[in-house]
Amino acid sequence: MTAVLDADRVRALNDILRHTLSGGTLVLTAGVITLGRERQQVILDAVAAFDRFDSDNDPHDFGAVEVAGKRVLWKIDYHDHSGRYASPDLADTSVTRRVLTVMLAEEY
């Protein structure tokens, strides 16, 4: 696979996780959890709808959104299946576990 195809695949896999919450693990920080289920859903909807990607957050693995007066950050990390090390190949789901973390900016 070429580097371009790898980047396209990583981008697509990240978008699947953001849009459907499948293909990885979702982590909500304590601050997001305290907001309650309704606001959590609004936040997750905003993360899924995020489309302001540029070279600083490509391959679609970071973003910041404003939701109900709160600045929310989200980030996708890539681990091996043990969760102890970085993934050796971000485009290969057989060796990569994606983790989508959603946090309040003040928790960063």
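Could you calculate the FRET efficiency of ARG52 with THR25 from 1/(1 + (r/R0)^6), where r is the beta carbon distance between them and R0 is 30 Å, rounded to 0.05? Given R0 = 30 Å and the Cβ-Cβ separation, E is 0.80.
With θ taken as phi - 60° and the Karplus curve 6.51 cos²θ - 1.76 cosθ + 1.60 applied, the whole-hertz 3J(HN,Hα) list for segment 91-107 is 8, 9, 5, 6, 10, 10, 10, 7, 10, 9, 9, 10, 9, 6, 4, 5, 8 Hz, x standing for glycine and proline.
Spacing of the modelled spin labels on ASP6 and VAL99, each 7 Å from Cα toward Cβ, amounts to 2.2 nm.
The label point for ALA64 and the one for GLU38, both projected 7 Å from the Cα toward the Cβ, are 2.8 nm apart. Taking Cα centre as origin and charging only the Cβ of basic (Lys, Arg, +1) and acidic (Asp, Glu, -1) residues, the dipole magnitude of the chain rounds to 380 debye.
Across the chain, the volume of the C-alpha convex hull divided among the residues equals 106 Å³ per residue.
In the chain, what % of DSSP beta bridges are antiparallel (nearest 5)?
Roughly 75 percent of the DSSP beta bridges within the chain come out antiparallel.
Just so you know, all these numbers are worked out from the coordinates, no wet-lab data involved. What you see is a predicted model; the values in this text were computed from it and never measured. In this analysis, Cβ positions are derived from the backbone assuming ideal geometry, glycine residues included, and neighbour counts consider all displayed protein chains.
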